[in-house]
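Single-structure report; data block below.
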Amino acid sequence: MKPTILTTSPSSSQQLPLRPSIFLNPTPLPLSAPSRRRIRVSNLPSRCTAAAPSDDDPTTTSTSQSPEHSIFGGQKELTGIQPLVKSLSPPVRLATSAIVVAGAFAAGYQLGYRFGGNRNAALGGAAVLGAAGGAAAYAVRASVPEVAAVELHNYVAGFNDPGVVKRDDIDKIASKYGVSKQDEAFNAELCDLYLRFVQSVIPPGNQELIGSEVDTIIRFKSALGIDDPEAAAMHMEIGRRIFRQRLETGDREADIEQRRAFQKLIYVSTLVFGEASTFLLPWKRVFKVTDAQVEVAIRDNAQRLYTSKLKTISRDLTVDQLVSLREAQLLYRLSDELAEDLFKEHSRKLVEENITAALNVLKSRTRAPGVTEVVEQLDRILAFNNLLVTLKNHADADRFARGIVPVSLIGGDYDSDRKIDDLKLLYRAYAADAVSSGHMEVNKLEALNQLRNIFGLGKREAEAITLDVTSKAYRKRLAQSFSGGDMEAADSKAAFLQKLCDELHFDPQRASQIHEEIYRQKLQQCVADGELSEEDVKALLRLRVMLCIPQETVEAAHSDICGSLFEKVVKEAIASGVDGYDAEVKKSVRKAAHGLRLTREAAMSIASKAVRRIFINYIKRARASQNRTESARELKKMIAFNTLVVTELVADIKGESSDKASEEVVEVEAKQYEDEEWESLQTLRKIRPNKELTAKLGKQGQTEINLKDDLPERDRTDLYKTYLLYCITGEVTNIPFGAQITTKKDDSEYVLLNQLGGILGLTPKEIVEVHRGLAEQAFRQQAEVILADGQLTKARIDQLNEVQKQVGLPPEYAQKVIKNITTTKMAAAIETAVSQGRLNIKQIRELKEASVDLDNMISESLRENLFKKTIDEMFSSGTGEFDEEEVYEKIPADLNIKAEKARVVVHELAKSRLSNSLIQAVALLRQRKRQGVVSSLNDLLACDKAVPSEPLSWEVPEELVDLFAIYLKSDPAPEKLSRLQYLLGISDSAVAAIREMGDRVLPAGAEEEFAF
């Protein structure tokens, strides 16, 4: 609970409507916690049973048997007239009071008359003494409630066990003195007794509730007959005292204790008054306590009570216990969710106790691990879990405590990564015990699944542990079957192995893996000396048959184990180098290749990996060389390594002679090149090994191991080309002063080039392409010099033929090179002519008729510019003609321009040219150039044909009339004249006037003079 739960203002104690007599009690309850005496009513022996008050007089013996130390204080003594009042019964008390009052009146009357001598004095004396008698009678009457309160206190305080207090006895005390609970003194004593009892029942400080407090308080409250409002006021008063006590203590621990005490008070009070506590107990108003804090107090105390109740529950659950737990939960006002969590936690702790005990046995260092004890502890866990499952499915499960579910360790001490290994050890121990007899029962499988769920192990983790345990058991059963001869005697080995798997519930696939592992172990033992003997082969064959191992698995095992040994021998042979591959190395290779009984394909595959790794190293050094000569030297070293080491290695693996293998290589290569049609390539002819070169160079290198799959085709052809150029140009040596010395090589280098092609894995076609490309490159370089201007004459053709024969390039490829060069030169010339304006549409058509591919020679942008230029010339020709078919179809087709794009270009030019033509015509009119005016007006009409225009406007209309008059005199076609009249906006009357004027407007042969 928050600290504010006990915080209240000093004036809050004045707000509760309590009777003042409670706080003026002569024997107030001490405030310090140690002086409070807590009683347990159900456990205290009643020492006043024999002296219990009788039904007739409940107070006859209570005073004499009052205990020395009572929670209600000691016995109270009567003072003054109280003993007299106690001895008088209510009728006697009334009669005595009447007699005293009457006697006082009579005595006063007599004394007054005696001493006064008259009636008035007698009446005065009667009044005085009557008043005194009435006062005495009133004093007796007023002391009755106090006497009744004292007797009530002495009655209750006279019992060691307040639980024996009876309501009938208290009613008799009230009826004896004629008082009721409305009497202030009597009711105040009832409240004081109830307050003392409640404060003694609720445990102080950090002491926990025992669960019987609420029922005890309710019984005592019922025995006293105190009303709920007065009882609730006492609970609030206890809260005030706890608050004041908290203010008096300054240390932190005491503050926490008082806070806990206040929480317990709230919880007990809420249960005592039930639903009425919401308005009878104003915690929020008096102590500034929120509803949430009240709920926390109720929840925490209910949890503690329910937890203490759960401590009595063991692994042997019964239906009665679960029903009792449910009733306790409802009594404690604990929610189902919290009750469920607490029960799960309790179940988990019970299981954790067994787990801890099992781990202690398993990890004990003082004695050998007792698997039996570990299994017993785990069986107890499983039995408890099964009991919970059974109770969960019980017909009366709704009456049981909440949280009856299978056990889980989630949220407990073993729910951590550090503890998961311990749980795995226990799971492994249980699994090992399950298969200790050589087979696994179905109930053990179910137990393992339950244990996995309880421990929270993942499915894969549990399966891995089970698989490991059952694998060991399976191996043990196999060993026993082998040694005992059971497997060999079995008619069907597969059925026997399947039976073993079924008994152990073992995966047959995993069994096959174990069989393979056993076979591999046996094979490694057999090849320990470097070869397989006949006895080893028979033993392996027997093992394979017994374990039903497939042929593919056997071959894979031999490839891995024997292959690794053979690879070691191959690497040692390769590492010996060109000079170290001697007879001893050859012998070891042959022994390994045949003694390990590897197939030729497997042996060649292993050797290929090692050899290709060496080849790649040579290639890397060749690429890193600074010039072609050094690169060729590295490649030559690789060729020598292939010839002297790899070829011998391949021959030893095959068990053949290296000379025979070389002859086969020569025959194959000769057959490959006989089928080719490249006889004209001189460099290609030189790589063919003839008898003289073969005799001179010795044996040929092998080609089965190559780099075809290790390098891309382009890299392989580049390396081949590098060595080919080295063969053609020779070895170049740099000397001082920047000079170079070239040493020509003989044809033997070409034979090495042929071997390089085999090492690189190049096909004959790829080799031919390299030679042809190099010849084409040489021919192109010389042909470009000869055809520098693009002109092809007979002399130049003869010269090119001579060059073609020298480089050995086939004629068709030479013609392609020549055509490519001439076309490129022509395209450059044509493009230059177009850009300079020296080529028109007529010439373009002539070139196309000559089958010149202008589309590739002239770029699209230049063709578009040529089209614009042609149209512009048409609009400025002065003829006034516009042929739509020519413009929109023929010219775009000749220039390979889209018709839609051509139409857009024409319209744009016509619109801009139309207005310019009018301006130009007026300018020529002002310059008095008749023919120029006519040409400009024809251009205007041509633009109008392309894009019909609206009538044109001009600042000086007279000039438009003059333009029309000049055009009229040029004898134009009628349709042109009519269209010009429309465009210039000349009316018919103006046209008629111009026609009437005739030569008067412009005299024939006279100097051009215009009227402005």
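The values are calculated or read from the model by the stated rules, or taken from the named source; none is laboratory data. Given the structure is predicted, the values throughout are model-derived calculations rather than measurements. Backbone-built Cβ (ideal geometry, glycine too); neighbour counts: all protein chains shown. For the accessible areas, the whole protein counts, side chains as well, though only heavy atoms, and no ligand, DNA or RNA atoms are used. Shrake-Rupley method; radii C 1.70, N 1.55, O 1.52, S 1.80 Å.
Taken over segment 513-567, residues that are open to solvent by 60 Å² or more (accessible area, probe 1.4 Å) and at positive phi amount to 1. Considering each residue of segment 576-586 in turn, at least one proves to be buried (at least 16 other Cβ atoms within 10 Å of the Cβ), hydrophobic (A, V, I, L, M, F, W, C) and more than 47 Å from the chain's Cα centre (by Cα). For the residues Ser364, Ser347, the requirement of being open to solvent by 20 Å² or more (accessible area, probe 1.4 Å) and either in the same structural domain as Ser437 (by the TED database) or closer than 28 Å to Ile298 by Cβ (or both) singles out Ser364. Within segment 232-252, residues that are assigned to a helix (DSSP H, G or I) sit with their Cβ atoms under 7 Å from residues that are among the β-branched types (Val, Ile, Thr) and crowded, with 19+ Cβ neighbours inside 10 Å, at 6+ positions apart or across chains, in these pairs: Met234/Val198; His235/Val198; Ile238/Val198; Phe243/Thr8.
Quick one: is Leu388 surrounded by 15 or more Cβ atoms within 10 Å (Cβ to Cβ) and touching an Asp or Glu at 6+ places or on another chain (Cβ under 9 Å)? Give the derivation first.
On the way: surrounded by 15 or more Cβ atoms within 10 Å (Cβ to Cβ): yes; touching an Asp or Glu at 6+ places or on another chain (Cβ under 9 Å): no.
So Leu388 fails the test.
Among the residues of segment 393-448, those that are farther than 25 Å from Leu467 by Cβ, surrounded by 17 or more Cβ atoms within 10 Å (Cβ to Cβ) and more than 39 Å from the chain's Cα centre (by Cα) comprise Phe400, Ala401.
Only a single item in (1) outside the structural domain of Arg380 (by the TED database); (2) in contact with a helix residue (DSSP H, G or I) (Cβ under 7 Å, 6 or more places away or on another chain) is not met by Lys424, and it is number (1). Looking across segment 952-988, the residues that are closer than 16 Å to Lys929 by Cα and of a type in the set (Ser, Thr, Tyr) come down to Tyr967, Ser970. Among residues of segment 876-888 that are of a type outside the set (Val, Ile, Thr), those with a Cβ under 8 angstrom from a residue that is exposed (fewer than 14 other Cβ atoms within 10 Å of the Cβ), sequence gap 6+ or separate chain, pair up as Tyr888/Ala899.
A quick yes/no check of all residues on (1) at pLDDT below 75; (2) in a helix (DSSP H, G or I); (3) open to solvent by 40 Å² or more (accessible area, probe 1.4 Å):
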site	(1), (2), (3)
Gly761	no, no, no
Lys765	no, yes, yes
Val770	no, yes, no
Gly773	no, yes, no
Ala783	no, yes, no
Leu800	no, yes, no
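Picking from Leu839, Leu847, which residue would you name as being of a type outside the set (Gly, Ala, Ser), modelled with pLDDT under 75 and not in a helix (DSSP H, G or I)? Break it down stepwise before answering.
Working: Leu847 fails: not in a helix (DSSP H, G or I).
Only one candidate qualifies: Leu839.
The set of residues in segment 938-958 being of a type in the set (D, E, K, R), over 16 Å from Arg913 (Cα atoms) and either without any contact (Cβ under 8 Å) to a residue 40 or more places away in the chain or touching a His at 6+ places or on another chain (Cβ under 7 Å) (or both) consists of Glu955 alone. Among the criteria (1) open to solvent by 80 Å² or more (accessible area, probe 1.4 Å); (2) closer than 24 Å to Ala610 by Cβ; (3) of a type outside the set (S, T, N, Q); (4) at pLDDT below 75, the one Lys699 does not fulfil is (1).
Results for (1) closer than 22 Å to Tyr306 by Cα; (2) part of a helix (DSSP H, G or I); (3) outside the structural domain of Asn453 (by the TED database), shown as yes or no for each residue.
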{"site": "Leu378", "(1), (2), (3)": "no, yes, no"}
{"site": "Leu391", "(1), (2), (3)": "yes, yes, no"}
{"site": "Gly412", "(1), (2), (3)": "yes, no, no"}
{"site": "Arg418", "(1), (2), (3)": "no, yes, no"}
{"site": "Ala429", "(1), (2), (3)": "no, yes, no"}
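Taking segment 595-606 as the range and being open to solvent by 60 Å² or more (accessible area, probe 1.4 Å) and part of a helix (DSSP H, G or I) as the test, the residues that pass are Arg600, Glu601.
Check segment 867-880 and report whether any residue there is farther than 30 Å from Thr824 by Cα, in a helix (DSSP H, G or I) and of a type outside the set (Asp, Glu). Yes, because at least one residue in segment 867-880 is farther than 30 Å from Thr824 by Cα, in a helix (DSSP H, G or I) and of a type outside the set (Asp, Glu).
Among all residues of segment 296-303, there is none that is in contact with a His (Cβ under 9 Å, 6 or more places away or on another chain) and of a type outside the set (Phe, Trp, Tyr).
Close Cβ contacts (under 8 Å, 6 or more residues apart or on different chains) running from residues in segment 960-980 that are open to solvent by less than 30 Å² (accessible area, probe 1.4 Å) to residues that are polar (S, T, N, Q) and part of a helix (DSSP H, G or I) comprise Phe964/Gln981. The set of residues in segment 449-475 that are among the polar types (S, T, N, Q) and either open to solvent by less than 60 Å² (accessible area, probe 1.4 Å) or touching a helix residue (DSSP H, G or I) at 6+ places or on another chain (Cβ under 7 Å) (or both) comprises Gln450, Thr466, Thr470, Ser471.
Go over the candidates Ala610, Ala573, Ala592 one by one and state the one that is under 19 Å from Val527 (Cα atoms) and open to solvent by less than 20 Å² (accessible area, probe 1.4 Å).
On the way: Ala610 fails: under 19 Å from Val527 (Cα atoms); Ala573 fails: under 19 Å from Val527 (Cα atoms).
Testing whether each residue is under 19 Å from Val527 (Cα atoms) and open to solvent by less than 20 Å² (accessible area, probe 1.4 Å) leaves just Ala592.
Give just the number: which of (1) hydroxyl-bearing (Ser, Thr, Tyr); (2) under 30 Å from Glu353 (Cβ atoms); (3) open to solvent by 50 Å² or more (accessible area, probe 1.4 Å) does Ser492 not satisfy? Going through the list (1) hydroxyl-bearing (Ser, Thr, Tyr); (2) under 30 Å from Glu353 (Cβ atoms); (3) open to solvent by 50 Å² or more (accessible area, probe 1.4 Å), Ser492 breaks only (2).
Going by what's in this entry, would Lys284 be described as farther than 27 Å from Gly412 by Cβ and without any contact (Cβ under 8 Å) to a residue 24 or more places away in the chain? Steps first, please.
On the way: farther than 27 Å from Gly412 by Cβ: yes; without any contact (Cβ under 8 Å) to a residue 24 or more places away in the chain: yes.
Against the criterion (farther than 27 Å from Gly412 by Cβ and without any contact (Cβ under 8 Å) to a residue 24 or more places away in the chain), Lys284 qualifies.
Reported count of residues in segment 878-896, each being farther than 14 Å from Arg845 by Cα and surrounded by 14 or more Cβ atoms within 10 Å (Cβ to Cβ), is 5.
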